[in-house]
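First up is the structure itself, then whatever we jot down about it.
We did not get these values from a lab; they are worked out from the coordinates using the rules stated. Computed from a prediction, not measured in an experiment: that's the story for all the values here. FYI the Cβ positions are ideal-geometry reconstructions off the backbone, even for glycines, and counts take in every protein chain you see.
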Amino acid sequence: MAPTKRKNQTIDSFVTGGSGFIGRHLIERLLARPTGRVFLLVRRHSLPRMKERLAHWNASGERVIPVIGDLAQPRLAVAPAQFGELRGKVGAFFHVAGCYDMSASADALAEANVTGTAHAVDAAAAMEARCFHHVSSIAVAGRYRGTFTEEMFDEAVGLDDPYFRTKHESERIVRSVCPIPWRIYRPSLVVGHSQTGEMDKVDGPYYLFPILEQLAASLPAILPLPRVEGGFLNLVPVDYVAAAIDHIAHQEGLDGKVFHLVDPETRSFGDTLDVFAEAAGAPQFSLRIGAVESALTPVTGFLARNADGTAGKLLGQAVGLPLRALDYASNATSFDCRNTSAALSGSGIAVPSLESYARHLWLYWQRSLNINASYGRALEKTVRGKTVLITGASSGIGRATALKLGAAGAHVILVARDGERLEVVRRLVEKVGGSATAMPADLTDAASAEALCREVLQRFGCVDVLINNAGRSIRRSLRLSQDRFHDFVRTMEINYFGALRLILGLVPAMRRKKNGHIINVSSMGVQVGPPRFSAYIASKSALDGFSKCVAPELLGDGIDITTVYMPLVKTEMIAPTGLYDSFSVITPAQAADLLCSAIVRRPKHVSSTLGLVGQVTSSVAPGLFDVALYLAYRLFPDSAAARGEVAYSDEEPSSLGKVFARLFPGVHW
């Protein structure tokens, strides 16, 4: 097809998929031009959302004009009168709509990608649009081995995957049926905005982020992990994709060409994983073990090809990602982009290096996508309409957990000694759309704890989930504790007896209901036994021992007990120890995530990898383990607070102490 010539000028555009991730950013680029209207295909029920987008784009109704229709219907189901108004006025028809979800069913992919494209081509021709701009995907190459050029299409192989197949078929429709000039854009795996990190869903490399988060929380960043090389993984930020499409669409003499919107720097899956590991503060995969490296590609390829079977679906649910996505880990295809490079020459539009924006992607995922992607819907399903009692709810972990559970639909009973601070938390829970009841009580006082249990049972009948979170930590060596027996009494009163009073008071109602869940917030220190924490760890170990003994007794009553061995958390409880300012700690929100996950899964234990390693090592090599703990004892002295002094702001571990703390993050040293 001979390319048409046209001047580099602003033109009126028609856009499908304008509410999608790429579509929204493309429209922003189109509206950044001084003139040119955007006709936006929208379903009638999506009109309110389009008005919100207009406000976001700061665009008037004269620049963005809604066209009521449906991609699933012939000629997009656009009213004949409006079709007549559009005829001859559309310069660029951007077909961005499609299904980019590798976990979608084959039927859904076919309807969105193949049928939708056929209807869009038909509509563009009927409108007499000057050029059809089709947003395809590098998935059209299938599992081609080698470099797939912009001129290649029929050379694709391995199109048995429904996502690959439907993207290939939709592009074939444009190439063989479209009667007007066309241009095709094949972006690689599109990730968030390179400046803000903004992303609309978990896809592609984002499936790996929860794993990296766990590694960052459990292992020191300097510890090398086995290398996983894999195939090629090509990523591009959405702002580059939108800018490139907008620029190329407004250039002359490019009809009938294909443009690969890819990162010209070809990276392996392993290289990409290392970039994100560094952004997450996790260990990098730099330890080369031939057997591990060579096994990745065949294993992931096999799993991806069997993703739609019953076993594949169950495995995908268990690991938290669609197994089809593993095709990216074993992808043997690289892509040239000579057409794209020539078209963008002199424009200043280029793919930024992944290192320059990986941290932005990571931080946005942590803030906006992490909880919903991991267990948000499952948490809501688990706790909506349920009653959850949280002790120590006035601050730290308790407050963060109350907010998450309240937002998920639970009624949260807030327990702590300070009634005023509980009221503040109660109002915060209500602000996030939840409901809460503040019930001040002193759990170290038997009468107060018993009165609390009576009132809870009278008002609510039963507690569905009891979270024993309130606690007291004392970090003081035996040498400074020899005349402080009350330290051991105080920790036992709240950490063991306080929790025990609530369990004994609330379990009978759980037994009658034949359902209940008790979560005890313990410490990684119980697994490791760090020096200077004898009073604290003894009290936590007492609750741990009690739970192990009664758990089998409660099993027949539908009551589960979960012990969460929490790593070091940045709360008011550790504030008196100034040297912890230099330690790697998790936030109360991250600790709350562990508790919310425990509510959903109801496991026996929740532990970090380092905690488990410490527990095993202390059993198989107790002498060697004591030597390591003695080194920690010498490296981290008693705090000023433990010595009875007020000032502690000048406390800082030695250089060797900092290295030791990095090697064993999360441990209470």
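Stretching the chain fully between ALA628 and ALA342 yields a gain of 96.9 nm (0.36 nm per residue, less the alpha carbon separation). Compared with the direct C-alpha span, the chain from GLN214 to ALA55 gains 53.4 nm at full extension, assuming 0.36 nm per residue.
In this calculation the C-beta distance from ILE222 to GLU265 is compared with R0 = 25 Å, giving a FRET efficiency of 0.45. Once you list every other residue whose beta carbon is under 13 Å from the beta carbon of ALA551, what net charge do they have if Lys and Arg are +1 and Asp and Glu are -1? Local net charge: -1.
Applying 1/(1 + (r/R0)^6) with R0 = 56 Å to the Cβ-Cβ distance of ALA72 and LEU480 gives a FRET efficiency near 0.15. Taking max minus min of the alpha-carbon positions on each principal axis, the stretch 122-229 gives extents of 60, 33, 22 Å, largest first. As an exercise, use a Förster radius of 22 Å and the Cβ-Cβ distance of ALA378 and VAL550 to find the FRET efficiency, rounded to the nearest 0.05. The calculated FRET efficiency here is 0.20.
Can you pick out the pairs among LYS431/LYS514; LYS381/LYS514; LYS386/LYS540; LYS386/LYS431; LYS540/LYS604 whose Cα atoms lie more than 21 Å from each other? Intermediate values should be presented prior to the final figure.
Values: LYS431/LYS514 33 Å; LYS381/LYS514 19 Å; LYS386/LYS540 27 Å; LYS386/LYS431 19 Å; LYS540/LYS604 16 Å.
In this structure, LYS431/LYS514; LYS386/LYS540 lie more than 21 Å apart at Cα.
Note on GLU420 and PHE460: the extension gain reaches 12.2 nm, defined as 0.36 nm multiplied by sequence separation minus the Cα-Cα distance. Mean separation of Cα pairs under 8 Å and 6 or more residues apart, divided by the residue count, gives the stretch 488-566 a relative contact order of 47 percent.
Annotation: amide H-H contacts under 5 Å for SER334 (H modelled 1.01 Å from N, sequence separation of 5 or more, or interchain): GLY146, THR147, PHE148. Annotation: amide H of PHE259 within the under-5 Å range of ILE184, TYR185, ARG186, sequence separation 5 or more or interchain, hydrogens built in the peptide plane.
Note that the stretch 248-254 has calculated 3J(HN,Hα) couplings of 5, 5, 9, 9, 9, x, 10 Hz, one per residue in order, obtained from phi through the Karplus relation 6.51 cos²θ - 1.76 cosθ + 1.60 (θ = phi - 60°); glycine and proline are x. Put a dot 7 Å past the Cα of ALA350, heading toward its Cβ, do the same for ARG175, and the two dots end up 3.1 nm apart.
For the stretch 147-153, 3J(HN,Hα) computed residue by residue from phi via the Karplus equation (6.51, -1.76, 1.60; θ = phi - 60°) reads 8, 9, 8, 5, 8, 8, 8 Hz, glycine and proline entered as x. Phi angles of the stretch 562-567 translate, via the Karplus equation with coefficients 6.51, -1.76, 1.60 and θ = phi - 60°, into HN-Hα couplings of 10, 10, 9, 7, 6, x Hz per residue; Gly and Pro are given as x. Projecting label points 7 angstrom from Cα along Cα→Cβ for SER619 and ARG601 puts them 1.9 nm apart.
Taking amide H as placed 1.01 Å from N in the peptide plane, the amide H of ILE519 sits under 5 Å from that of LEU466, ILE467, ASN468, THR562, each at least 5 places away or on another chain.
Straight-line cross-link partners of LYS513 among the aspartates and glutamates, defined as a Cα under 19 Å from its Cα and at least 8 positions apart when in the same chain: GLU455, ASP464, GLU553, ASP557, ASP560.
Here the stretch 39-66 is scanned for amide nitrogen atoms under 19 Å from the site 7 Å beyond the Cα of ALA126 along Cα-to-Cβ, giving 39-44, 66.
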